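Encoded as structure tokens, the structure appears first; notes follow it.
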Amino acid sequence: MGRRRTFDPDVVLDGAMHAFRRYGFERTSVQRLEQATGLSVGSLYHAYGDKAGLRRAALDHYLSGFVTARLDQITGPAATLDDLEAYLLALFSPPLNDGFGCLITNSAIEVAGEPAAERDLVVRALELMRARFTVLLDRELGAASAGPAATRLLLLTQGILVLARVGLLDDAAEAAVRDEFARLRAVRGRTGSSSRKGKTP
């Protein structure tokens, strides 16, 4: 019979998640993991197998918690282009522009050549983002424009998060976001596919 866990997995995975986001997989040392989680390496490895197993658990925790909750907020049934634009613009300001980027984006760069389990988690997260963008854009622009626009916004979002990691977000990058959403609103105006269509004034 295995030992009973005496820690809160959410607290531990929150700590590991932030450590991997800040330092990346290679630079997240055992000592940093112990400091971030409050557990000894023996307890961590007993629970998650090894450092790679802990990263997988942290990625899954990040996806099922933070990423899904944020997508619910910015692409949910009542969300519009304005909500999605506001999120992308928020990436340029505190606390989201803290210089550490996004765990999914950072991991996408790191997992080349890694076991399929790590890559699959990253792919699942990125496909979820594109799918949720597509649902919102289908409401706002119509089906014909939704898929291509969702792909552009996924590329734009990931590009912003990479630039944030190296401190290259600037006024030109912010203007590019505003220009893209101005273009999307023009498409919405031509198609009449806004989520507000059919509502009485």
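The values are calculated or read from the model by the stated rules, or taken from the named source; none is laboratory data. Keep in mind that what you see is a predicted model, and the values were worked out from it rather than measured. Counting neighbours? That spans all protein chains shown, and the Cβs are built from the backbone with ideal geometry, glycine included. Calculation scope for accessible area: heavy atoms of the full protein, side chains included, ligands and nucleic acids excluded. Shrake-Rupley method; radii C 1.70, N 1.55, O 1.52, S 1.80 Å.
Data table
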| quantity | calculated |
| --- | --- |
| Using alpha-carbon coordinates, inclination of helix 171-191 to the longest axis of the chain, degrees | 50 |
| Charged-residue dipole, Cβ positions (Lys, Arg, Asp, Glu), the chain about Cα centre, Debye nearest 20 | 460 |
| Sulfur and carbon atoms: percent of accessible area, the stretch 58-201 [1.4 Å] | 60 |
| Nearest-10 value in Å² for the accessible area of Ile160, using the 1.4 Å probe | 10 |
| Alpha-carbon centroid distance for the pair the stretch 1-71 / the stretch 105-149, whole angstrom | 23 |
| P(r), alpha carbons of the chain - 10 Å bins starting at zero, rounded % | 8, 31, 30, 18, 9, 3, 0 |
| CD proxy at 222 nm, helix term only [per DSSP H run n ≥ 4: -39500 (n - 2.57); per residue of the chain; nearest 500] | -23000 deg cm²/dmol |
| Positive-end extreme of charge dipole, the stretch 50-156 - chosen from Leu88, Leu71, Val123 (charges on Cβ) | Val123 |
| Relative contact order [Cα under 8 Å, 6+ residues apart], the chain, whole percent | 21 |
